[in-house]
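Here the structure is laid out as structure tokens; the discussion comes afterwards.
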Amino acid sequence: MVYLTRLEHFNAAHKLYNPKWNREKNEEVFGECANENWHGHNFELYVTVKGNPDADSGFIIDAKQLSKIVNEHVIDKLDHKNLNLDVDFLTGKICSTEILIVEIWKQLLPHIPNHVQLHSLKLYETPRIYVEYFGE
Amino acid sequence: MNEKVAVYRKEHFNAAHRLHNDAFDEATNDKVFGKCNNPHFHGHNYELIVKVVGVPDKQTGYVYDLKALSDLIKDNVLKRFDHKNLNLDVPEFKNLNPTAENIVIVIYNILRSLISNQFDLQIRLYETERNFVEYPV
């Protein structure tokens, strides 16, 4: 079994805000991330798949094909967008990095070819903060 | 010992912005600024590198106390830019497009007014790992 990782990136605005709470409570919990005028990040997304190298190509998956899948189903929907306002699969959700990675997994999973398995996602919100998800 | 030495302090801030020119119509804004024109904004992790050049002080050996430089940047730039919307929350960009080029000039002007002229000052600003600007040149 070999693991292959493709790195993609997107830039987006968001805010952390729970509409069930008033402004004071949101500011208490989310601090400066609750700024109603948004702030933003350069997100880095690591997509790891696992499989066995094909006898003829030596690939578990063509990395370019994986990149195309990630771009079409995730990056194109998130890049240069407002995560709270512009993204259909995040409507009504809190746009924390934790929620975002789970929703990205749901978007990608149906499009991963049968001969490989989606193993993990790693999502950097800043160079110092990242989350990982294994579909569990 | 009158040799000049450059000292650097690296800081970072996260902000939303949008590139837009009111004088352009919608189609022109879209053509010139592309997806950076999104009316709902997008955002970046900005990395800021402040370079101060001077002769090390004979008593301390410092060109510029880097803790003091860090505090200066935090109090006058980061507090005003971090977790903000540059277009909406930072008055300097009320009528100025917050491109990396304009942001670096604004930051330079803020810091230049607070750092003695005996020191040369240069700012480098990374908007992404791959896009960065420098001022003055």
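The values are calculated or read from the model by the stated rules, or taken from the named source; none is laboratory data. Bear in mind that the values here come from a model prediction, so they are computed numbers and not experimental data. Here the Cβ is made from the backbone with ideal geometry for all residues, glycine too, and neighbour counts use every protein chain on show. Protein only, heavy atoms only, side chains kept; ligands, DNA and RNA dropped before computing areas. Shrake-Rupley method; radii C 1.70, N 1.55, O 1.52, S 1.80 Å.
What Rg and what Dmax come out for the stretch B:22-71 when only alpha-carbon atoms are used, in angstroms?
Both quantities, over Cα of the stretch B:22-71: 21.1, 60 Å.
Could you tell me the convex hull volume per residue, in Å³, taken over the Cα atoms of the stretch A:1-85?
Enclosed volume per residue, from the Cα hull, is 114 Å³.
Quick one: how many Å² of B:Leu72 are accessible to a 1.4 Å probe, rounded to 10?
30
Of all the stretches in chain A, which is the longest one without any exposed loop site, taking trypsin sites (Lys or Arg not before Pro) in a DSSP loop (any state but H, G, I, E, B) with at most 10 other Cβ atoms within 10 Å?
On the way: sites that count: A:Lys20, A:Arg128.
Within chain A, the longest run free of exposed trypsin sites (Lys or Arg not before Pro) spans A:21-127.
If each residue of separation counts as 0.36 nm, what is the full-extension length gain between A:Leu7 and A:Arg23 once their alpha-carbon separation is subtracted?
Gain on extension, A:Leu7 to A:Arg23, equals 2.1 nm.
For chain A, take the longest principal axis of its alpha carbons; what is the angle in degrees between that and the long axis of helix A:97-108, to the nearest 10 within 0 to 90?
40
Find, among the GluC sites (Glu not before Pro) in the stretch A:13-64, those assigned to loop by DSSP (not H, G, I, E, B) with at most 15 other beta-carbon atoms within 10 angstrom.
Working: sites: A:Glu24, A:Glu27, A:Glu28, A:Glu32, A:Glu36, A:Glu44; in loops: A:Glu36.
When the GluC sites (Glu not before Pro) of the stretch A:13-64 are filtered for loop state and at most 15 Cβ neighbours within 10 Å, A:Glu36 remain.
Quick one: longest stretch of chain B between exposed loop trypsin sites (Lys or Arg not before Pro), exposed meaning at most 16 other C-beta atoms within 10 Å and loop per DSSP?
In chain B, the maximal stretch lacking such sites is B:5-57.
Whenever you get a sec, line up B:Asp22, B:Asp30 from highest to lowest accessible area (probe 1.4 Å, protein heavy atoms). Please list the in-between numbers first.
Values: B:Asp22 135, B:Asp30 95 Å².
Result, largest first: B:Asp22, B:Asp30.
Can you grab the distance from the C-alpha centre of the stretch B:60-85 to the C-alpha centre of the stretch B:1-40, Å, no decimals?
Going from one Cα centre to the other spans 20 Å.
Angle, helix B:100-112 long axis vs. longest principal axis of chain B, Cα atoms, 0 to 90°, nearest 10?
Helix B:100-112 sits at roughly 40 degrees to that axis.
Given the stretch B:1-94 reduced to its alpha-carbon atoms as identical point scatterers, what log10 I(q)/I(0) does the Debye formula return at q = 0.13, 0.18, 0.24 Å⁻¹?
Results for the stretch B:1-94 at q = 0.13, 0.18, 0.24 Å⁻¹ read -0.61, -0.85, -1.15.
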